[in-house]
Amino acid sequence: MVKKYLLISLGSTLVSAWVPNTKLPAHSGSIRISSASSSRKPTTTSLSEASYTKGADEVDEVSESSSRRNFILLASSAAAATASSQYFLNSDSSSSSTIPAAFTKALDIPQAIQWIDDNCDRRYLHAVIASDYKFLYRGVTNLGPNEIRMERPKTDLLSEGTYGSTQALDLFQGVQRVLEKDAVNPTNGHLATSSAKDAGEWGVAGSIWPVNGSHYAWFQDGGLFYPRPNNSAIVARKDLIVDGKDCGKESLEDALRSDSCEVMVASEQFLVVPASMDDRLREALQGSFLV
């Protein structure tokens, strides 16, 4: 018995299926089945005119019930495959990142874990695990107690309005001069803290999950970027740790373990999970065995 195949065009999806016990002559073309047409002479597709419009023969005596049954079965499979491959994301992709800016519906903890596994910066995730699941936090405006969402904040460390202080601006300009050639500096960095309480002074505290390729820097003394001890605005390179560059001094794990350490994070966007969900998130992470 000769096995015969149908190549069915479903929207933008092509699905091939073996159809037994039909009288289809051998051909090199593909077939489009239309449920709206009463004709039993399918036409060739035009996905690639050079590849798919040659050698198509007429198809006779195809059972209408078999065609309908095969079409429905294959259409259902294609639709299910398409639906299962998508996140609940909107189409905002103005960033150079491939990850859209926001979710169109709130995520739950299992979906957040999946996002972290797929998209979170691995160096950060390894530091979280090594620190016994300590997180970094940011204060986020209008974040609901159970709202997990994406944030794409603008960098504002070189704006006097951020702290309302010329002294703060002088300090961050000094940090910029010191870190200008590094992958993280005030022109692309956002401040986060190991203290959910401190983050709460800037909004609703939420743990952050930066995207792949992020970079991190913090003061070796584990304190705030501003104000510095004794209100000093003098910054030396030896005072700062850049993760992945200053190996042997401290690691990001050490910063996460600190009670109140500010970390400058260079990441275009973050997944944010409210600190009120820390226990559930931590338990889910421990049970997921992410590495």
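The values are calculated or read from the model by the stated rules, or taken from the named source; none is laboratory data. Note that the structure is predicted; figures quoted are calculated from it, not measured. Positions of Cβ are generated from backbone atoms using ideal geometry, with glycine treated the same way; all protein chains shown enter the neighbour counts. Each accessible area value is taken on the protein alone, full model and side chains, heavy atoms only, with ligands, DNA and RNA left out. Shrake-Rupley method; radii C 1.70, N 1.55, O 1.52, S 1.80 Å.
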Restricted to the stretch 93-123 and to residues being in contact with a strand residue (DSSP E or B) (Cβ under 8 Å, 6 or more places away or on another chain), part of a loop (DSSP other than H, G, I, E, B) and at pLDDT 50 or above, the residue nearest to Val211 (Cα to Cα) is Asp121
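The rows are residues; the columns are (1) under 18 Å from Arg138 (Cα atoms); (2) not aromatic (Phe, Trp, Tyr).
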{"position": "Val242", "(1), (2)": "no, yes"}
{"position": "Lys249", "(1), (2)": "no, yes"}
{"position": "Phe270", "(1), (2)": "yes, no"}
{"position": "Met277", "(1), (2)": "yes, yes"}
{"position": "Ala284", "(1), (2)": "no, yes"}
Subset of the stretch 264-291 that is at pLDDT below 95 and touching a helix residue (DSSP H, G or I) at 6+ places or on another chain (Cβ under 6 Å) - its residue that is least open to solvent (accessible area, probe 1.4 Å): Leu290
I want to confirm something. Restricting to the stretch 229-263 and keeping residues that are in a strand (DSSP E or B) and in contact (Cβ under 8 Å) with a residue 40 or more places away in the chain, which single residue is surrounded by the fewest Cβ atoms within 10 Å (Cβ to Cβ)? Val242
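Inside the stretch 203-224, can you point out the residues that are part of a strand (DSSP E or B), aliphatic (A, V, I, L, M) and surrounded by fewer than 23 Cβ atoms within 10 Å (Cβ to Cβ)?
Selection gives Val204, Val211.
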Which residues, counting only those in the stretch 108-142, are open to solvent by 20 Å² or more (accessible area, probe 1.4 Å), out of contact with any helix residue (DSSP H, G or I) (no Cβ under 9 Å at 6 or more places or on another chain) and of a type in the set (Asp, Glu)? Asp108, Asp118
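Residues are listed down the side, and each one gets a yes or a no for (1) assigned to a loop (DSSP other than H, G, I, E, B); (2) at pLDDT 95 or above; (3) closer than 30 Å to Asp279 by Cβ:
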{"site": "Leu125", "(1), (2), (3)": "no, yes, yes"}
{"site": "Val128", "(1), (2), (3)": "no, yes, yes"}
{"site": "Gly139", "(1), (2), (3)": "no, yes, yes"}
{"site": "Glu147", "(1), (2), (3)": "yes, yes, yes"}
{"site": "Gln176", "(1), (2), (3)": "no, yes, no"}
{"site": "Pro186", "(1), (2), (3)": "yes, yes, no"}
